[in-house]
1. At least 3 residues that are free of Cβ contacts under 8 Å to residues at least 40 places away in the same chain and either β-branched (Val, Ile, Thr) or open to solvent by less than 50 Å² (accessible area, probe 1.4 Å) (or both) in each: list the strands (runs of 3 or more DSSP E) lying fully within the range 318-406 that qualify.
2. Specify the residue that is nearest to Leu329 (Cα to Cα); the eligible residues are those in the range 295-309 that are in contact with a His (Cβ under 9 Å, 6 or more places away or on another chain) and in a loop (DSSP other than H, G, I, E, B).
3. Looking at the range 186-209, I want the residues that are on the phi > 0 side of the Ramachandran plot and have a partner that is assigned to a helix (DSSP H, G or I) and modelled with pLDDT of 90 or more with Cβ atoms under 7 Å, at least 6 apart or on another chain. Which pairs are those?
4. Restrict the check to the range 224-238 and report whether at least one residue is open to solvent by less than 10 Å² (accessible area, probe 1.4 Å), closer than 22 Å to Ile377 by Cα and either under 23 Å from the mean Cα position of the chain (by Cα) or among the hydroxyl-bearing types (Ser, Thr, Tyr) (or both).
5. Ser178: of a type outside the set (Lys, Arg), open to solvent by 60 Å² or more (accessible area, probe 1.4 Å) and at pLDDT 95 or above, yes or no?
6. If I go through the range 35-65 residue by residue, how many of them are free of Cβ contacts under 8 Å to residues at least 60 places away in the same chain and open to solvent by 10 Å² or more (accessible area, probe 1.4 Å)?
7. Being at pLDDT below 95 and either within 18 Å of Val368 (Cα to Cα) or aliphatic (A, V, I, L, M) (or both) is the filter here; which residues of the range 213-234 pass it?
8. Report, ordered by the first and then the second residue, all pairs with beta carbons closer than 6 Å, sequence separation of six or more or different chains, a first member in the range 224-248 that is outside any loop (DSSP other than H, G, I, E, B), and a second member that is open to solvent by 50 Å² or more (accessible area, probe 1.4 Å) and of a type outside the set (Ser, Thr, Tyr).
Amino acid sequence: MLLVAILIGLTVSTAKPVGIIAALVLLPAVVLRQPSRRRCYSAATSYYAGALWPLAVGAKNFFGADVSILAATAFWSVCALLLALPYAVLWAATTRQFVWRAPVALLIGVVPPLGLIGFASPLTASGFLFPAWSWAGIALSLAGCGLIAAYPRYAIPGLAAVALIANLLHPSDRQPPSDWQAVDTHFGAISHGPVNPLREYLAAQVIQAQAAASSAKVIVFPESVAPSWTASTDLFWKPTIDRLRQNGKVVVIGAILPKSLAVGSADFRAAVALLQTTHVAWPAQSEQPYAYQNAAIIRGAQSGIFLQRVPVPVSVWKPLSVGGAPLHLAGPAVVELAGQRAAILLCYEQVIPWTVLTAALGRPTVFVGMSNDHWAISTPIPQWQALCLRAWSRLFHVPYLLAVNT
């Protein structure tokens, strides 16, 4: 049975709908129906180890060159061990109790604190099983996994029948507004590593040219393609922003908002450095750790800043450090944008159900995904992000856009 759990996890890691459906339908029975709590924990860990293997590769790239393969593997292992805990805690010798224990185990992996690393949640399958059924689809998935764990012989055909009816009744996936456009970019690691003002300047020129040439009313660019958005950045963008405003257009740009650097003279010194050199070093090691906000900058006919609510734990959100990006669990999940209610999901937020489900409470009319995946091109992580967005879009019958930088 441990091999079956690993195979389910590996199927999930392929980022195909069949994988996550298999996880919801088979995992509760495979894990909870083990003969002991220890075997249950081993089976759940095996599932998450198989599903999350891309983390070991992606973490090594994302965390930087100073992180060893051993540290990246440790991150993957710890995530698998933690996410498997609810199943071990809720294991019981009496199978009929799985009717409620399986859904509770699934929910514990979605709600913080575990929900902050809630990768590969079987609940994501709700969108493929019960499209457009919204919260009723979530409830059916939870009830279904409990019934399957307790009475698999009868519950699996029953759930399959209801899912078939739901998909037959589903008209089609909704398309995003015709006057909205998501633009993919290929700037590479523009927001990682040493500051390169010339590279940032050229990227900004490309973004401005694409925004000006687009016929769309709202143009969305990927996460953190503007590595440092300050007061001087707004000044640099002013001619383009004025033209966008005159044409009634809005641009949404993924950007990093520095908190450690003072706005003002430092910005102008950086601007001067841009004219004098092609490289500016990061602050010296003796200075405070670099602190920032990961955000979506809104400019043009509308202006605003939308902050990422859940940055990547450890590498971006650093609970024991004054550096990195802070957690904004209680921050707004939806923003009014050009007549739509947009739920903006910045990269990592697309793969954990908590951010999507809390955004759905705000009754969005469009999901907006913004990712910077230059570090994950050798893994199925970008495909998993797209799969998750598609699944939640189908479940809540809300269209989505996705802008990715590679």
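1. none
2. Arg309
3. Going by the 7 Å Cβ cut-off, the qualifying pairs are Gly188/His374.
4. Looking through the range 224-238, at least one residue is open to solvent by less than 10 Å² (accessible area, probe 1.4 Å), closer than 22 Å to Ile377 by Cα and either under 23 Å from the mean Cα position of the chain (by Cα) or among the hydroxyl-bearing types (Ser, Thr, Tyr) (or both).
5. yes
6. Number satisfying all stated conditions: 14.
7. Ala231
8. The qualifying pairs are Ala231/Val263; Arg245/Ala301.
The values are calculated or read from the model by the stated rules, or taken from the named source; none is laboratory data. Just so it is clear, the structure is predicted and the values come from calculations on it, not from any experiment. Don't worry about glycine lacking a Cβ; one is built from the backbone with ideal geometry, like all the others, and counts go over all protein chains shown. Only protein heavy atoms, including side chains, enter the accessible area calculation; ligands, DNA and RNA are left aside. Shrake-Rupley method; radii C 1.70, N 1.55, O 1.52, S 1.80 Å.
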